[in-house]
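Notes follow the structure.
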Amino acid sequence: MNSLVLIIVGMLGILSGWFIYSRFIAQRIYQLDENFRTPAHEFRDGIDYVPTNRYVLWGHHFTSVAGAAPIVGPAIAVIWGWGPAFLWVVLGTVFFAGVHDMGALWASVRNRGQSIGGLSEKLLGSRARWMFMLIMFLVLLMVNAAFATVITNLLIQFPTAVIPVWGAIVVAIGIGQVLYRSSAGLLWPTVIGVALLYGLILLGNAVPVSLPAEMFGLSDRVIWVILLFTYAGIASTLPVWMLLQPRDYINGIQLFVALGIIYAAALLSAPTVVVPFFNDAVPEGTPPIAPLLFVTIACGAISGFHGLVSSGTSSKQLDRETDARLVGYGGAVGEGMLALAAIICATAGFATFADWQAVYTNFGAGSVGAFVTGGANIVSNGLGVSAGLAATILTVTAALFAGTTMDTGVRLQRYVIQEAGSITNITPLQNGTVATLIALAFCLAISFGAASDGSGGMVIWPLFGTSNQLLASLTLLMVTVILARLGRPVIYTLVPLVLVLSMALYALLLQIGTFIGAANWTLAIMALFILGAGIMVGIAAVTALRSTGFSLLSSRSMPPAE
Amino acid sequence: MMARRLRAIGEGLAEYYRAPYRQTLAREARERDDLFRLLVLSEALGVPNPAAPYTLELMPLVWDDFHAWHQRMGMEHSPLDHIRCC
Amino acid sequence: MLLNLLSGRGLIFFGGKGGVGKTTVSASAAAALARRGRRVCLVSTDPAHNLGHLFEREVGPHPVAIIPNLTAIELDPEASVTAHLSEIGGFLHQVMPRGGRAEIDRHLERARHAPGMAEAALLDRIADLAAGIGRDHDHLILDTAPTGHTLTLLALPEMMTAWTDGMIANRAEADRFSARARDLATGGASSNDPRADAIRATLMRRRMRLAGLRDHITDADRAVFVAVTTPERMPVQETLTLGRALGAGGIALGALVVNRVHGHAGQERTDERLVPLDREWPNLPRSILMQREAEPSGIAALEELAQDF
């Protein structure tokens, strides 16, 4: 089948979600009010609270939520055939992610721009706050371990990307310094920075770098993982303006460039999808599609991480409440498109089904590597760039996303540890360096505890998706409770909540069985922790909702509460 | 008409790229301002300060932002019991 | 010999244990220098003032002419603090709503008793007077308070320079970040923040003053510290302490005056008492003042005493 069909059907589905369903949700359920005084106006301070043009805000929201995750998940999940991944991405974006992201934004706007963490304490009590912190810590932990593996795989599979991936850090620091020391404005530093980055890509393409297979008795894989965490540890303690901000900035440019390149190439070359709709011949050991599909693709279908960005960041900049539709739902749409691009690259970028099967030899094997290989073929056919150079560009893009997420992730983990330290009055935990080292120790323990060669990241990918879905459930729960208290119909958030939560719990039980069967105690214990948190979310959901006397479909008139 | 629209789009794009960076730098500046204000007001907040005589002469200069500052620091009302601002 | 040394230095400190005759010695040096045609300003920072008794006339916080070329001041920390506070109060009154004025006054009243307040105010006045050397007078002679107070006072410029440097560094960073943030504003460069400028100007002024005074005090070509002692165990011990503490702060003792030495009979005993000082500072210029029948009082007696210098 031609990939153009996928693109057209997928876009039609997502766009009708945007034009029809999102309008219905915004007007009837959340009842977004153009005249509501948003926190951006109420607490305007020019820094956190800034009324921002909605298109600009959408762009920032989108680049904050889109990273390597909506590429990795779909690229793994196509192992069950293109159909399930495609349907879950399209339907998930329309009925789950959009509603969730817009809901988080709305809930936060109506509560002075508070974050989901703060809201959870207010709506569900202080235990929910702890639960939230625990889940968030686990999500960060797993995303760091997973992305270390992702980048390592990429660097080993595509040695041409080594120079640009590490060189990009130097370029970012350079841009940061130029902007700090001179009043140059953004234009010239950007032009020179991007030119340098692409210069490095050309250089890397000509000069591939591989680590020796063994050094100091450690495999190249182990060394890359250790190097990456060393980087993340150092980067997370640097001031934001020095490295993270310029990196985010480059990534923001890179994201649109890469999306444009892939879609342009796919439209021009119209490659054939070689993978069947439903793959009956999955490799030995592939877990069952239900429920694993729903946790393998989190970002791109529904992701709790978006709730963190929606609440607490974007919510403080919303000019009018009605903009929540474009920013929240529109952000989810953008990410759905990215996931769709990943599906196309990983299914239509191969010459034959046999070629594809040679890559997808077991669950988790395809991943970003398949995205890059497939994407490079498409770009090379569509735009006439050499496949090697196209692969380098896509690898650099994916690795930059993953790398930035890692240093942000370690930074956030440090904050969580420091906060826990101040709540429990354990002074050493409040020290920045100590907290960073603890965060890194956890990450390394997971990376090497899950698999001794440091490839633990891919093993825990579904577990990451699971905790991400729990986070999404928690957000959906809070939006549902708010709706119920307002006497509005809750079915539009409750159904996604129930589905996502039950799939996450089901997937957890299966995974715990697998981990125990394989005697992988690190992951088994962690999965049990997540299960505990998940059950608590479920109990909180039932108790919180029972007290509201909610109605599924109809609106009720409510006495003015609170 | 067309030219004006193009220029507007160009400005929007420029703003899109500048805004987060500006925000980051402004936040860094504000963090230092907050620290400065804390040092200037520390004596008044009950923290012994060897430079009290000199911070006193800086007080008028940090005064205008005092209300926003104590709210940012998580104090709902003025922490100086003998000086009210809200 | 001592007078020659002193006439080459603008800023002259006299210090030592209470009761060794600092005031008498410094007043006599001041009178002698004035007699040589130098314009001298003699200042007492000792809260227990007795310049007035010595000169047999009223001396206060403003310069009083004693003889041609010699003026005297008794600095009152209390009054200096009041002046300092009322200046700040004026600022605060301007920026605060009318209703809050009583509260500001109460706040300032509490600040009056903050530790270091009196020293800071005193230092401010000294800095002013020191800045007048070469313009208003050739010599500023300070009759300091007992050792403890003096050391605190002299350590203050160093300490506070470090403090202002820290604050200025903070401002430089904050201003730089704000400026860069402004460079990235769409509407082109906006003008500087007047408040940031005012803060920086205030800090710089403070730093100039403090660092200027510190540099002046520690510059052996422009300032000299004269220790006054008597040939007794306790004052000698205290002189040792004082000299060492000053040395640690970068101020070297410039001369030693041994006051109230008893005739020839006590000479040996005096030398014996001064051994610790000889050992510590073997080359320190020293003047011996013999015990007078009565404590000198009045200009004539002071000038007579100075002949022994």
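The values are calculated or read from the model by the stated rules, or taken from the named source; none is laboratory data. What you see is a predicted model; the values in this text were computed from it and never measured. When we count neighbours, we look across all protein chains shown, and the Cβ atoms used for this are built from the backbone with ideal geometry, even at glycine. These area figures cover heavy atoms from the full protein model, side chains too; ligands, DNA and RNA do not enter into them. Shrake-Rupley method; radii C 1.70, N 1.55, O 1.52, S 1.80 Å.
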Per residue convex hull volume, Cα only, the range C:162-309, in Å³ is 166
For the range B:1-54 and the range C:29-66, what is the separation of their Cα centres, given in Å?
54
Anisotropy class of the range C:224-309 from Cα gyration tensor, a/c 1.5 cut:
oblate
Spin-label pair B:Leu45/B:His67, simplified geometry with 7 Å Cα→Cβ offset, distance in nm:
2.0
Note to self: C-alpha centroids of the range A:340-416 and the range A:16-39 sit apart, in Å, by 35
Kindly provide the Kirkwood hydrodynamic radius of chain C in Å, to one decimal, from all pairs of distinct alpha carbon atoms.
21.6
Sites C:Asp136 and C:Glu78, calculated FRET efficiency, Cβ-Cβ separation with R0 30 Å, nearest 0.05
0.80
Across 5 Å bins from 0, what is the distribution of all Cα-Cα pair distances for the range A:282-382, in whole percents?
2, 11, 16, 18, 16, 12, 10, 8, 5, 2, 0
Extension gain A:Trp521-A:Phe19, at 0.36 nm per residue separation less the Cα-Cα distance, in nm?
176.0 nm
Computed Kirkwood radius, in angstrom, where 1/r is averaged over Cα pairs of the range A:146-217:
13.7
Taking the Cα-to-Cβ direction at A:Ile535 and at C:Arg286 and moving 7 Å from each Cα, how far apart do the two end points lie in nm?
8.9
Take every DSSP beta bridge whose two residues both sit in the protein assembly as shown, then give the antiparallel share in percent to the nearest 5.
15
Ratio of alpha-carbon Rg to the 2.2 N^0.38 Å globular estimate for the range C:8-72, to two decimals, please.
1.05
Compactness ratio of the range A:131-188: Cα Rg over 2.2 N^0.38 Å, N = residue count?
1.66
What number, in percent, do you get for the relative contact order of chain C if the mean sequence gap of Cα pairs under 8 Å and at least 6 apart is divided by its residue count?
27
Could you report the range C:27-108's accessible area per residue, 1.4 Å probe, as an integer in Å²?
47
Out of C:Ile12, A:Ser467, C:Ala83, whose Cα points farthest toward the positive end of the dipole of the protein assembly as shown (charges: +1 Lys, Arg; -1 Asp, Glu; placed on Cβ)?
A:Ser467
What distance in nm separates the two pseudo spin-label positions at A:Asn431 and C:Glu295, each 7 Å out from Cα along the beta-carbon direction?
5.8
Taking only the alpha carbons of the range A:362-485, what extent do you get along each of the three principal axes, in Å, biggest first?
60, 43, 27
Averaged across the residues of C:199-206, what count of C-beta atoms belonging to other chains lies within 10 Å of each residue's C-beta?
3
With bins of 10 Å, the percent of all Cα-Cα pairs of chain A per bin from 0 is 4, 18, 30, 29, 15, 4, 0, 0
Going 7 Å from the Cα of A:Ala290 along its beta-carbon direction, which residues of the range A:496-531 have the amide nitrogen within less than 12 Å of the resulting point?
A:503
Quick one: divide the alpha-carbon radius of gyration of the range C:154-232 by 2.2 N^0.38 Å and tell me what you get.
1.72
Counting each DSSP H run of 4 or more residues in chain C as -39500 (n - 2.57), what helix-only mean residue ellipticity at 222 nm follows after dividing by all residues, to the nearest 500 deg cm²/dmol?
-18000 deg cm²/dmol
Share (percent) of C-alpha pair distances in the range A:1-69 greater than 21 Å works out to 52
Other chains near A:52-65: what is the mean number of their Cβ atoms within 10 Å of each residue's Cβ?
3
Principal axis extents for the range A:349-405, Cα atoms only, whole Å, descending order, please.
32, 30, 12
The range A:166-209 to the range A:213-227: how many Å between their Cα centroids?
28
Could you state the per residue volume, in Å³, of the convex hull enclosing the Cα atoms of the protein assembly as shown?
223
Computed lengthening from A:Ile253 to A:Val209, 0.36 nm per intervening residue step minus Cα-Cα distance
13.3 nm
What order, most packed first, do the peptides A:237-246, A:307-316, C:61-70, A:279-288 have when packing is the mean number of other Cβ atoms within 10 Å of each residue?
A:307-316, A:237-246, C:61-70, A:279-288
Heavy-atom accessible area of the protein assembly as shown with neighbours in place, 1.4 angstrom probe: carbon+sulfur share in percent works out to 61
What are the semi-axes of the equivalent ellipsoid of the range A:1-126, taken as the square roots of 5 times the eigenvalues of the Cα gyration tensor, listed largest first and rounded to whole Å?
32, 17, 15
Once the Cα atoms of helix A:162-181 and of chain A are each reduced to a long axis, what angle between those two axes, in degrees from 0 to 90 to the nearest 10, is obtained?
60
Computed over the range A:97-239, the Cα gyration tensor eigenvalues, each multiplied by 5 and square-rooted, give semi-axes in Å (largest first) of 37, 25, 14
Once Rh is set to the Kirkwood radius over Cα pairs, what Stokes-Einstein translational diffusion coefficient, in µm²/s, holds for the range A:430-527 at a temperature of 10 °C and a viscosity of 1.306 mPa s?
102
At 222 nm, what value in deg cm²/dmol follows for chain A if DSSP H runs of at least 4 each add -39500 (n - 2.57) and the sum is divided by all its residues, to the nearest 500?
-23000 deg cm²/dmol
